[in-house]
Amino acid sequence: MHEVTEGGRARPRRGASLGAGVLAMLVALALGLSTLAHIASYGFAEIYSDQFRQYRNIQQAGMPAALFQPDNGHRQVLPNLVRWMDVEFGQADQRIPLSVGLLMIIAVWGLLLSLAWRERRNSPALAGAVALIATVGLFWAGSARVQYHGNEAVQVHLVILLMLWATRSISALGDTPWRGWAVGLGCAVLAMLSFATGVAVFAGLLGLAVVLRRPWKEVLVAGAISAACLLTYTFVLPGGDGVRNTISLQPLALAEVAATWIGAFPTTSWLALPVEGAFGAGPERVAATGLVGFVLQLSAQALRGLFGWQSQLAAAPVAGVLGFALLAGFCARCWRAPERAGQLERCALGIALFAAALSALVAVGRLEYFKVHPEQMLADRFALYSALFWFALLLCAVARWGEGRWPWLGVAVALGAAVWILPTQELGRGWASHSARVMEARAAQAQSGVLLDGWAGFADMPDLDAVEASLDYYRQAELGMFRTPRSRAMGRQLAAAQLGEADRLPAQGVRLLAANPVDSPVGPAWHLQGVLETRIGADDGVWAVDAQGAVIGVGELGPGPLQRFGFQDRSDWLQFDLYLRGSWQPCSGVRLFLVDAEGRELRPLRPVDC
């Protein structure tokens, strides 16, 4: 059944449109809230990668100079402020960046949902479809690293938030446009000073203004202001040499990199599944995710065979070229009749133009790096921008369906997108929870001095000597994995009174999952993994103590759902990783203790096999 509008066009009855919209909105809320809860549960609780360098530089530079210090070609004033707060008030325990990162993600989600809310009166079905598409694009776990790592969540989502605000301002320009331009360009400046990706906001805004056929006077003035900001960023502000030295101009190579980079989402969520898999999981693990994973693998395998793509890097640029072609088509449609494009379509075009401009910017700034590490063009830390690009194109497609005859069409497309990401969503969340445990295990290695292979890559440093120097710095500064007395206790001689007090407590059982010798530069060492029977809030870690009362091993308790925010409700909260130096035998003289953060209260553990 349909209503007939004054113009004679058929429009679905509101009941059908409302039902479709409510369904899509409920799915969007379920996906968004469950993802936020998982991020709060398994957000990385230790410093990681660039943070080893960034936190040290911030401490050594001091305030306010630390705010304006470029890092790897990026100027990060606002993210540096968050890092300084984490060091100054949290001893680099990651609570502040993780909390701010979550707030940024929620703010971006809220701004995207507000676009849907504007459509609720005209078409509830369209509003629900927009909400679900935006949620899928933002919360896709293929970009898990920039969701679960608070440091990267801040710098990435802050830029996206400012870009969305700027795009909304430009998409709503009227007869008195200068206030809108002031807001838009102001957000662009803040984005530029938050991360280098913010530079692309200027290009996205100017591109949107051209597509909307804004007066050339506006575009020229805005372009001149943008150029002045970019020149200041590149040549005037301190550290400009580090920014300029990353630039490379090779047109054909740049085009290939840009297309590959923008094609990351369809490649990693689909085309890579039958051969490369996802998140280090092989094709067989993808198939085990269920029917959707199997169908995606089968269809991707057929397409790769048809076109002869031997690797994901061969498929990605083709997907990227298709994406650019679709963007050009949507831009042409809007340019021919900008008055027919509502704010939803305009904002979606602005998001896609930003992502397209960013692909070119990344190609210019990272071309030489990608020549050495081509697989990084599809890395998870970049994938969010590709996902936003493709889901913005999807929003452009459904933006004019709200008045159509089939209210379920836009919702069906949105539900299809949600189903599409199911395999990589499951694998991405699994990768995040596993990585959270790896972070704790690495912290235990640092605390015990048992540094295993992979530390240079983990800390983004050239070699193990640099890693050891960095860890010595953090140990002396009492930051990061060395922020508590418990974590700095390696080699400490415990008082007889403290051990005696612990011995008067009943020993709780602990089930050892693994006890393996490991190769370590410091000599013989062991890695113990176990699960506790119980744990209380004061328990912060595990010690291994020899017969003479010396601490010969330090362990970290595993992360658990909402642990950092006061909840304790899952069994993985009971797991631990401990590294000890020397020899170890079950039921020997080496004893295990649960210990609080201050290293004062000990609770004895007894392996259940003894």
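The values are calculated or read from the model by the stated rules, or taken from the named source; none is laboratory data. None of these values were measured; they are calculated from a predicted model. Every residue, glycine as well, gets a Cβ built from its backbone with ideal geometry; the counts of neighbours run over all protein chains shown. All accessible areas refer to the heavy atoms of the entire protein, side chains included, with ligands and DNA or RNA removed. Shrake-Rupley method; radii C 1.70, N 1.55, O 1.52, S 1.80 Å.
Estimated from helices alone, the mean residue ellipticity of the chain at 222 nm is -18500 deg cm²/dmol (sum of -39500 (n - 2.57) over DSSP H runs with n ≥ 4, per residue).
Here the accessible area of the stretch 86-179 is 56 percent carbon and sulfur, with a 1.4 angstrom probe and all protein chains present. If R0 equals 60 Å, the separation of the Cβ atoms of Glu468 and Ala397 corresponds to a calculated FRET efficiency of about 0.65. In plain terms, the chain is cut at each of the trypsin sites (Lys or Arg not before Pro) found in a DSSP loop with at most 10 other Cβ atoms within 10 Å, and the longest leftover piece is 122-503. Put a plus charge on the Cβ of each Lys and Arg, a minus charge on the Cβ of each Asp and Glu, and nothing anywhere else: the dipole of the chain about its Cα centre is then about 2180 debye. Probing with 1.4 Å while keeping every protein chain in the model, the per residue accessible area of the chain equals 41 Å². Note on Asp453 and Ile106: with the Förster distance fixed at 45 Å, the Cβ-Cβ geometry gives a FRET efficiency of about 0.75. With respect to the chain, whose longest principal axis is taken over its alpha-carbon atoms, helix 291-307 is tilted by about 60°. Computed from Cα atoms, the angle from the helix 312-336 axis to the main principal axis of the chain rounds to 40 degrees.
The chymotrypsin sites (Phe, Trp or Tyr not before Pro) found in the stretch 111-171 include none that occupy coil by DSSP while having at most 10 further C-beta atoms within 10 Å. Normalised radius of gyration (Cα atoms, divided by 2.2 N^0.38 Å) for the stretch 493-546: 1.40. Per-residue surface analysis assigns Met490 an accessible area of about 60 Å², computed on protein heavy atoms at 1.4 Å probe radius.
Ordered from largest to smallest accessible area (heavy atoms of protein chains, 1.4 Å probe), the residues Ser311, Ser226 come out as Ser311, Ser226. All C-alpha to C-alpha distances of the chain, sorted into 20 Å bins beginning at zero, yield P(r) values of 18, 48, 27, 6, 0 percent in whole numbers.
Angle between the Cα long axis of helix 199-211 and the longest principal axis of the chain, 0 to 90 degrees, nearest 10? Between the helix axis and the principal axis of the chain, the angle is about 20 degrees.
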